[in-house]
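Quick notes on the structure that follows.
Every number here is computed from the coordinates shown, using simple stated rules; none is lab data. Bear in mind the structure is a predicted one, so any value in this text is a computation, not a measurement. Because the Cβ atoms are built from the backbone with ideal geometry, glycine has one as well, and the counts that use them run over all protein chains shown.
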Amino acid sequence: MRIFDPHIHMTSRTTDDYEAMHAAGVRAVVEPSFWLGQPRTSPASFFDYFDSLLGWEPFRAAQYGIAHHCTLALNPKEANDPRCAPVLDELPRYLVKDQVVAVGEIGYDSMTPAEDTALAAQLQLAADHGLPALVHTPHRDKLAGLRRTLDVVSESALAPDRVLVDHLNETTVKEAKDSGCWLGFSVYPDTKMDEERVITILREYGPEQVLVNSAADWGKSDPLKTRGVGDLMLAEGFSDDEVDRVLWRNPVAFYGLSGRLDLDLDLDVTATGATHEGNSVLRGGA
Amino acid sequence: MRQPIGQPMSQPVENPTADPAPHPTPHAHSTPETQAAEPTAPDLTATDLPTPDLTGAALARTPPADLHRLLATRLGGAARAWLDQALEEAATHPGIHGPISVWELRLAEAGRRCGPEHADVARVLILHAARAGTDAVSRVYFQGTAAERRAVLHALPHLVAGPDALPLVEDALRTNDTRLVAAAVGPYAARYLAPHHWRHAVLKCLFTGVPVDEVAELDRRAHADAELARMLADYAAERTAAGRPVPEDLHRVLTLTDPTATPPAPAAEHDPGPRGTDGKES
Ligand SMILES: [Zn+2]
């Protein structure tokens, strides 16, 4: 089973996680920039974070045979802090980088005017840079948040089929699907979705444009939840092809809209013979 | 429609930044513009490389004109056209223009335009065409991805005469990214890096599993370096005391420090470690 986790915050995870993910079949991840738990107080702090998502983290992932790409944005929570807002002005120079496969994660947190501005501006940035957008839906007041999100998307220069709406659940999936956006489901140990509920939704809505992610981060979360969904799909009678579609081909198709997806790991590690050799050892069993 | 980012208003550009067309087969291999076939025999008049290599140390050691000729034989039509235009733009509009100069934009997108395996050499050529000096290479290094930083390091011998760009090399040597460490110990470091920093760079290669073959002018700089010999011997003793094998490369460098030096026993087999190149100094 080959797995592409389209939403996971590896910066918050250990090398044990990388090892377990590779053993479970994960060969590619996309790491969206997000809130780090501790509020940042200056744009420079974001830039170091972005640099890390374009430098150290892909290197770390490659050691475990996992291709790493990222999505960059000013997240909605911190968009409310005027000290952080200048990040928007610097984003263009980051959005041209080879490993950036979307603008994200953007969306609403508390649905404030500052969040309106940041969401609209960043959807425009995505359109300007030929990138799709990863838009999360808020935890609180979720259905109202989804509707407002879809309104802003429909008013933007970005077509719905270049937008992935994430953290969906039973109450939001129908309207999201009707909008023509890609559908993301985050499988968490206690909150968001669990494996069984994802299966129910897949039965009702089909696997088209559906992506499943672990959204694992610094909170209680599990980077192997994608594998859990794949296993349960098979146990519940879905075919290998349907599993591959949801866990690999759909994320490849969505982020492939950027024209920047590079899933050939060898190319990333040819700088030194030793790295190449070490990586080959890691990939030997795969 | 807004003006695509980073393009001079005066002249149209063949490949705009925003390419809304979906990538045809991103999972197969995202280098559609790259020829799959073997490169045609390159016209090698000015270089005597036995197998023309366009990666790693070869980028720093091969004259840019030869790199360009070799790369051109390996790129497909669209990628070659993109590169020619990028080099032309860089030559015509070097320096800083607007929020991001067009040649810096080309530098950023070289991977997806030429294919990741040709990105390093394409970036070296763009930097060279833009006649990037210390200020320019510093800016694109510190604003670059790891891949862009690596290309800047390889380009230094072609661009900066004198030690002014050493802070870039020293920055790369502070990272644990073995790709950056390998690129940092090229001819520019051989020429300008101070002895203390240079010895630590050699030791870091041994620690992180970067082959010392990457260290430019290793023979010359290691010769009769008693301090380096002491550091290597101490490291070997530390490994031996811990019951861990001594890297083969260590014996090689130790021999270079003094022709009469004998490798410490026991000579261990090559040990990159179970994950010897993950940047962890083990
Ligand atoms: Zn997230």
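Side notes on the structure shown:
- Pairs exceeding 21 Å between alpha-carbon atoms, taken from A:Lys174/A:Lys220; A:Lys192/A:Lys220; A:Lys77/A:Lys142; A:Lys77/A:Lys177: A:Lys174/A:Lys220; A:Lys77/A:Lys177.
- Size check on region A:66-126: the Cα extents along the three principal axes, sorted descending, read 36, 21, 20 Å.
- Efficiency of FRET between A:Leu234 and B:Thr260 - r from beta-carbon atoms, R0 60 angstrom, step 0.05: 0.35
- Solvent-free Debye scattering, log10 I(q)/I(0), computed from the Cα coordinates of region A:155-249 at q = 0.12 Å⁻¹: -0.36
- Residue of A:Ala215, A:Ala44, A:Ala79 that the Gaussian network model of chain A assigns the largest fluctuation, springs spanning Cα pairs under 10 Å: A:Ala44
- Taking other C-beta atoms within 10 Å as the exposure proxy, B:His154, A:His9 rank A:His9, B:His154 from fewest upward.
- Euclidean distance between Cα centres, region B:127-146 to region B:187-256, Å: 29
- Calculated log₁₀ intensity ratio I(q)/I(0) where the Debye formula runs over C-alpha points of region A:1-115, q = 0.17, 0.19, 0.20 Å⁻¹: -0.81, -0.97, -1.05
- Region A:111-159 and region A:92-106: distance between their alpha carbon centers, rounded to Å: 16
- For A:Ala102, nonlocal amide neighbours, meaning residues 5 or more places apart or on other chains whose placed amide H falls under 5 Å from its own, are A:Leu72.
- Theoretical FRET efficiency, 1/(1+(r/R0)^6), r = Cβ-Cβ of A:Arg203 and B:His93, R0 56 Å, to 0.05: 0.45
- For chain A, built as a Gaussian network whose Cα springs stay under 10 Å, the top-fluctuating residue of A:Pro32, A:Pro92, A:Pro58: A:Pro92
- Karplus-derived 3J(HN,Hα), 6.51/-1.76/1.60, for each residue of region A:160-168, Hz, glycine and proline x: x, 6, 10, 10, 9, 9, 10, 6, 6
- Peptide B:93-104 - average C-beta neighbours from other chains (10 Å radius): 1
- Tensor-based shape of region B:64-121 (alpha-carbon gyration tensor, a/c under 1.5 rounded, otherwise prolate or oblate): prolate
- Overall shape: oblate for chain A, with the ratio a/c of the largest to smallest alpha carbon gyration tensor axis at 1.5 or above and b/c at least equal to a/b.
- Simple spin-label estimate for A:Phe47 and A:Asp116 in nanometres, 7 Å along Cα-Cβ: 3.1
- At R0 = 25 Å, FRET efficiency that the Cβ-Cβ distance of B:Asp171 and B:Arg131 yields, to 0.05: 0.65
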